[in-house]
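The values are calculated or read from the model by the stated rules, or taken from the named source; none is laboratory data. For clarity, every value in this text was computed on a predicted model and none was experimentally measured. Counting neighbours? That spans all protein chains shown, and the Cβs are built from the backbone with ideal geometry, glycine included. Calculation scope for accessible area: heavy atoms of the full protein, side chains included, ligands and nucleic acids excluded. Shrake-Rupley method; radii C 1.70, N 1.55, O 1.52, S 1.80 Å.
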Amino acid sequence: MKVYLLLIAILIGTSVLSQSDLDESINKILDDYVNSYYEPGLTVGVVKNGALIFQGNKGSMNLEYNLPFNDSTVFDLASVTKQFTSACIGVLDKQGKLSIDDDVRKYIPELKSYEHTIRIKHLLNHTSGIRNHNVLLDLKGFDYKHQGYTNEMIQELMFKQKGINNIPGEKVLYSNTNYVLLKLIIERVSGRKIHEFSQQELFAPLEMTHTFYRSNLEEVIENRAYSYYKNNETYQQPKSLTLCVGAGGMGSTIEDLAKWSDVFLNPNHKFHYLKEFITELDTLNNGELMKHARGMFVAPYKGYTSYNHSGRDLGMRSQFICIPDKNLAIIVFTNSEHINAVNISYQILDLFLEGESIEQKENQFSHSVKQLREFEGAYQELNSDLTMKVFVENDTLKAISSFGRDATPLISTGVNSLARIDNPSIVYTFHPNEKSDIDLYVDFGGAGFYFERITLELNPNQNLVDYIGSYYADELDVTYFISIENNKLVLSYPNNENITIKEGVTDTFGANRRTKYSFHRNNEGKVISFEVASEGTVKEIFFSRIN
């Protein structure tokens, strides 16, 4: 087999590495992350010119029985699932059974009739503005340790929502709910459950014999990997009673995903139309080309275009990335949160691009210190209490978030844009003197975060007693309790007790949990309600004072 793989590498490869050199280099990377078969590990596949030229495993897929990863280990995809849900929509589109320009309410009339039409394409590219159900569950105080949720529960929750975050097509706000609703559309249009439809229309024709949407929490999955996380240097296994598919909820293997990569790399593949569908970049309402396609990100890397998506859940990470111009795909799965599948994939990718990457123009742009100081200030994420301090130090612009420990130096890339020196794919674009609701946009490789410039005040809310009381939100069916302890305002709600909330501006509080509480007063100055915004993907959840 090794001789066979070596011949393939010589005949079809453009890499300077021989197969043995490649094996050694990749294994060295993997050894840096996992050096024992008695701890969680990973499984990796590299596809080049249609052949699976490397498949490697490190560590244990099951700690209870010390079972090592193997070439047919089944693992969870998490958000890598989204490209398959998108593919199901693509199949229905090709069959003429729906159009991505259709109003979502044509298939889901239970959704509220919002002011602006939400179309299927807005769900696919995360511009719908629909609130993220994960955040809504957090705000409800959902007990993840002792409860689970289903697609039906999320649908019921979303049908109660009275508002959305933005005009559809206006901006990208990544939300798992989009793909939960796409799953519902697939089932209603096809008349089949998504696990049946995908098996018949995708996986069987592609001979992906170990790939599936989960349909039963109690089903036995042979040769599956279990997930783990560290707690005080001891590995523990997260348990979940949740079965909600569409945004996640799939299982697969390295070999099956290698077959799937051929859809993106082989122009003659019978399903290549799905590559065109999934990776097509739509435009925002302002005409700007998006970076998130339909279930995948389309991003430049060292002069090449990459199609990629990662996944993350309790105790696991996954990554799928294709470089069509190199006829190359890399698949990584890890069964521990501390093993970063994304970083591993790019380290392996660099082995193929070293000395071969398309030459990029040297960045000639630079800012004067005076220009850099125009960007200084305090910024707050829209619909969140996350803040970002931007300042000049030693003639260098630096940024640090309220979650960060150290300030990150930024390097100039354009008139109003700078990138992190340690990761140039993370770009900060400032919007000075523009009629815009944002002052700073941070692009994390296609996932965007929006900020406004704010002026922080010292002790802006002198009378904390004004806020004491009970408040109810009918969209979440939950009551929040606010009290004072040790001269500080404290918030409690189910499974979240005694959270100290701190002030930043008048009548606005946060707890550095990416959640903002904005209070409202009546004409007499009495606090009567507040609104919650959280994680950038939920806003205007209204809580009325009930005592």
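Being at negative phi, surrounded by fewer than 23 Cβ atoms within 10 Å (Cβ to Cβ), modelled with pLDDT under 95 and within 25 Å of the chain's Cα centre (by Cα) is the requirement here; does residue 149 meet it?
no
Which of (1) open to solvent by 30 Å² or more (accessible area, probe 1.4 Å); (2) touching a Pro at 6+ places or on another chain (Cβ under 7 Å) is the odd one out, the single condition residue 162 does not satisfy?
Exception for residue 162: condition (2).
Scan (1) closer than 30 Å to residue 295 by Cα; (2) in a loop (DSSP other than H, G, I, E, B); (3) modelled with pLDDT under 95 for the single condition residue 461 breaks and write down its number.
(1)
Go through (1) over 30 Å from residue 307 (Cα atoms); (2) touching a Ser or Thr at 6+ places or on another chain (Cβ under 9 Å); (3) at pLDDT below 90 one by one and return the number of the condition residue 385 breaks.
Going through (1) over 30 Å from residue 307 (Cα atoms); (2) touching a Ser or Thr at 6+ places or on another chain (Cβ under 9 Å); (3) at pLDDT below 90 one by one, residue 385 breaks only (3).
Cβ-Cβ under 7 Å, sequence separation 6+ or interchain: first residue in region 30-58 and acidic (Asp, Glu), partner open to solvent by less than 10 Å² (accessible area, probe 1.4 Å) and outside any strand (DSSP E or B). Which pairs?
So the pair list comes out as 39/59.
Answer yes or no: is there a residue in region 415-435 that is surrounded by 15 or more Cβ atoms within 10 Å (Cβ to Cβ) and under 30 Å from residue 529 (Cβ atoms).
Within region 415-435, none of the residues are surrounded by 15 or more Cβ atoms within 10 Å (Cβ to Cβ) and under 30 Å from residue 529 (Cβ atoms).
In region 386-414, what count of residues is obtained for those that are surrounded by fewer than 16 Cβ atoms within 10 Å (Cβ to Cβ) and basic (Lys, Arg)?
Number of matching residues: 1.
Can you tell me which residue within region 511-530, out of those that are open to solvent by 60 Å² or more (accessible area, probe 1.4 Å) and more than 24 Å from the chain's Cα centre (by Cα), is farthest from residue 468 (Cα to Cα)?
Only one residue fits best here, namely 523.
Residue 133 - would you say it is open to solvent by less than 10 Å² (accessible area, probe 1.4 Å) and under 23 Å from the mean Cα position of the chain (by Cα)?
Judged against the criteria, residue 133 is a match.
Which of the residues spanning region 392-435 are in contact (Cβ under 8 Å) with a residue 60 or more places away in the chain and in a loop (DSSP other than H, G, I, E, B)?
Hits for region 392-435 are 402, 403.
Output the qualifying pairs, or none if there are none: Cβ atoms under 6 angstrom, residues six or more apart or on different chains, first residue in region 254-268 and of a type in the set (Val, Ile, Thr), second residue open to solvent by less than 60 Å² (accessible area, probe 1.4 Å).
254/43; 254/45; 254/55; 254/331; 263/269; 263/271; 263/274; 263/275
Looking at residue 295 and the list (1) part of a loop (DSSP other than H, G, I, E, B); (2) modelled with pLDDT of 95 or more; (3) more than 24 Å from the chain's Cα centre (by Cα), which single condition is not satisfied?
Checking residue 295 against (1) part of a loop (DSSP other than H, G, I, E, B); (2) modelled with pLDDT of 95 or more; (3) more than 24 Å from the chain's Cα centre (by Cα), the one that fails is (3).
Taking the stated definitions as given, is residue 301 among the aromatic types (Phe, Trp, Tyr), surrounded by 13 or more Cβ atoms within 10 Å (Cβ to Cβ) and either at pLDDT 95 or above or within 15 Å of residue 88 (Cβ to Cβ) (or both)?
No; evaluated as a whole, the condition is false for this residue.
I need a count of the residues in region 436-481 that are touching a strand residue (DSSP E or B) at 6+ places or on another chain (Cβ under 6 Å), without any contact (Cβ under 8 Å) to a residue 60 or more places away in the chain, under 30 Å from residue 154 (Cβ atoms) and surrounded by fewer than 18 Cβ atoms within 10 Å (Cβ to Cβ).
2
Restricting to region 437-455, give me the number of residues that are in a loop (DSSP other than H, G, I, E, B) and of a type in the set (Gly, Ala, Ser).
Final tally of qualifying residues: 2.
I'm trying to understand the selection: among the residues of region 312-334, which are open to solvent by 10 Å² or more (accessible area, probe 1.4 Å) and in contact with a Gly (Cβ under 8 Å, 6 or more places away or on another chain)?
313, 317, 327
I'd like to check something: does region 494-515 contain any residue that is modelled with pLDDT of 95 or more and of a type in the set (Phe, Trp, Tyr)?
So far as region 494-515 goes, no, none of its residues is modelled with pLDDT of 95 or more and of a type in the set (Phe, Trp, Tyr).
Scanning for something touching a strand residue (DSSP E or B) at 6+ places or on another chain (Cβ under 6 Å), of a type in the set (A, V, I, L, M) and over 15 Å from residue 163 (Cβ atoms), does region 529-545 turn up at least one residue?
No, region 529-545 has no match at all.
Within region 107-114, can one find any residue that is aromatic (Phe, Trp, Tyr), at pLDDT 95 or above and assigned to a loop (DSSP other than H, G, I, E, B)?
yes
Answer yes or no as to whether residue 383 is outside any strand (DSSP E or B), open to solvent by less than 40 Å² (accessible area, probe 1.4 Å), in contact with a strand residue (DSSP E or B) (Cβ under 6 Å, 6 or more places away or on another chain) and closer than 27 Å to residue 293 by Cα.
Answer is yes for this residue.
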